[in-house]
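The values are calculated or read from the model by the stated rules, or taken from the named source; none is laboratory data. Bear in mind the structure is a predicted one, so any value in this text is a computation, not a measurement. Cβ placement follows ideal geometry from the backbone for every residue including glycine, while neighbour counts extend to all protein chains displayed.
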Amino acid sequence: MKNSKAGSRLEKLLDRGEFVVTAELGPPKSVDREVIDSKVEALRDAVDAVNITDNQTAIVRVSSISTGIYVAEKGLEPIFQVTCRDRNRLAIQADLLGACLNGLKNVLCLTGDHQSFGNHPQAKQVYDIDSIQLIKMVKDMRDEKIFQCGEEIRNSKKAEIREPRFLIGAAANPFADPLEWRVNRLEKKVNAGVDFIQTQCIYDMERFEQWMEEVVSRGLHEKVKILAGVTPIRSLGMLRYMRDSVAGVRIPDSVIKRFEDAENAREEGINFCVEQIKRFRKMKGVAGVHIMAIEWENAVRGIVESADLLPRPNGV
Amino acid sequence: MIVAEQKPIGEILKKLPEVEKLLVLGCDTCVTVCLAGGEKEVKVMCSAIRMADKKIGEVTGFSIERQCDREFFKEIEAVVKESDAILSLACGAGVQMLSDYFEGKLVIPGLNTHFIGSNEGAGYWLERCLGCGDCMLDITGGICPKTRCSKGLMNGPCGGSENGMCEIDPLNTECGWYLIYERLKKLNMLQNMMTNQPPRDWSRAHDGGPRKLLREDIQP
């Protein structure tokens, strides 16, 4: 039996080779507990773990770690996200210690959306480190038991080492430019020590398949668990917006056509998503799916059920 | 060179005190080249102030070789003594040096200093260097990721690179890492990008406090 990295439910399921399901839970822009509570109930028993976003699109929200602790108390397993935009290496490491102290076990390391997209475009960006350096920092804290500066993680010279242990995740975008560099970028994250990957939302299945083929041909799928990202479409307008205004999202004309012809875009969105998941399950190297139903958490259970992925396995 | 631009004339007029004698002082080096604060701009600025509805008795224009160098202040000691305030059309370094040298004399900045950059064409300048104190341009094919990437990433490009452009401004801002990728490809040095670059040592940049450079070998 191999040693566990963090002992999270997500880690156990991935190790067991279960096709895992994760979803996203965006914290509210106020201290409105009910928003979190209703999202928690929508996702309860429908997914294996939930990503808690960190000021996503550079808009101030309840912090990812505190929401993660709240969600964990409600019985869901969080994957708290950490971006490099708002905090330097001191603040991030302090937060990692605090997250571990409070029982969180999965972290997702991100660069973070540029502040110009959010509601404080005049803020000073940090980017003291980037996502790849962040992965390495979290891994060194866990495996080498040292801070980024090289000091051991102990309270005093005589105290025992007590390191924070996390299953380390990161994002990958198979669709950004330069296209031919995307698998290399994944490999850099693998070299930095990432354990699992959640991809940018996929609409171009052919391109994703090509990317996966190269991932598999390099054997990277054996070093990192890859969860394919999906975002269910709610309307033709949303689809066009994502095509025209969200960098790094590729939407083929055939998908646009499909939604133009659809009588009910929401139903079609769910159907498309379910078809995608069924295809992912047959693809070599895909270890699960990450469902980013943006402000549409109620759709997740239906998608997971229609994809024949309910009930979710026991994590013990 | 240092690239700066003039503050809007309305802002300058608002900042100007209503004094008997105002000196407008240009700088003949960087800001002359970037058409912000040279001899020509001093003349235009003087006219604008004279025409403005402002109770300023006399406006005199002058320009020196460099405002960031003590040795060039000698020649203007007399004219500064005569003046009640100075509007400096130098970069931030020049304004500060001037304020130090003529302590007690009110100095108003007339420019906004932007960056260390290059002249890219008529009236077009581009930021090229952050002055980070730890140059790595050999690794990135002569393109600075700290300056040219909107997030200053050391291991780019991020997921927001599309058609060679940066997601923050897809019409006007190139993706720095896309440029690096294309350049390294031409140099047959793409392997450089596979190395995971470690976190930077920011103590060598401004985060270490205002930097000084003291060359022991040329001390008297």
(message) Would you confirm whether or not the stretch B:152-171 contains a residue that is part of a loop (DSSP other than H, G, I, E, B) and touching a Ser or Thr at 6+ places or on another chain (Cβ under 6 Å)?
(response) yes
(message) So, A:Met238, is that one in a helix (DSSP H, G or I) and touching a Gly at 6+ places or on another chain (Cβ under 9 Å) or not?
(response) yes
(request) Mind listing whichever residues of the stretch A:82-125 are in contact with a Ser or Thr (Cβ under 6 Å, 6 or more places away or on another chain) and more than 14 Å from chain B (Cβ to nearest Cβ)? (result) A:Lys105, A:Asn106
(request) Just give me the residues in the stretch A:31-62 being in a loop (DSSP other than H, G, I, E, B) and within 16 Å of the chain's Cα centre (by Cα), in sequence order. (result) A:Val47, A:Asp48, A:Thr53, A:Asp54, A:Asn55
(request) Please give the number of the condition B:Leu126 fails out of (1) more than 14 Å from chain A (Cβ to nearest Cβ); (2) in contact (Cβ under 8 Å) with a residue 24 or more places away in the chain. (result) (2)
(message) The conditions are (1) more than 9 Å from chain B (Cβ to nearest Cβ); (2) part of a loop (DSSP other than H, G, I, E, B), and A:Arg207 fails exactly one of them. Which is it?
(response) (2)
(request) For B:Ser99, indicate whether it is over 19 Å from B:Lys14 (Cα atoms), without any contact (Cβ under 8 Å) to a residue 40 or more places away in the chain and among the small types (Gly, Ala, Ser). (result) yes
(request) Report yes if B:Gly104 is at pLDDT below 95, of a type outside the set (S, T, N, Q) and either crowded, with 18+ Cβ neighbours inside 10 Å or not assigned by TED's automatic domain parsing to the domain that holds B:Lys146 (or both), otherwise no. (result) yes
(message) Among the listed residues B:Thr173, B:Thr113, identify the single one that is over 25 Å from A:Asn88 (Cα atoms), within 12 Å of another protein chain (Cβ to nearest Cβ) and not hydrophobic (A, V, I, L, M, F, W, C).
(response) B:Thr173
(request) Could you tell me which residue of the stretch A:126-140 is nearest to B:Lys146 (Cα to Cα), considering only residues that are more than 9 Å from every other protein chain (Cβ to nearest Cβ) and surrounded by fewer than 22 Cβ atoms within 10 Å (Cβ to Cβ)? (result) A:Val126
(request) Show the residue pairs that are 6+ apart or on different chains and have beta-carbon atoms under 9 Å apart, the first residue being within the stretch A:218-232 and within 16 Å of A:Ala192 (Cα to Cα), the second being hydroxyl-bearing (Ser, Thr, Tyr) and surrounded by 23 or more Cβ atoms within 10 Å (Cβ to Cβ). (result) A:Ile226/A:Thr199
(message) Can you pull out every residue in the stretch A:185-204 that is facing chain B (nearest Cβ under 9 Å) and under 19 Å from B:Asn163 (Cβ atoms)?
(response) A:Arg185, A:Gln200
(request) For the stretch A:145-167, indicate whether the set of residues that are assigned to a helix (DSSP H, G or I), modelled with pLDDT of 95 or more, within 14 Å of chain B (Cβ to nearest Cβ) and crowded, with 20+ Cβ neighbours inside 10 Å is non-empty. (result) no
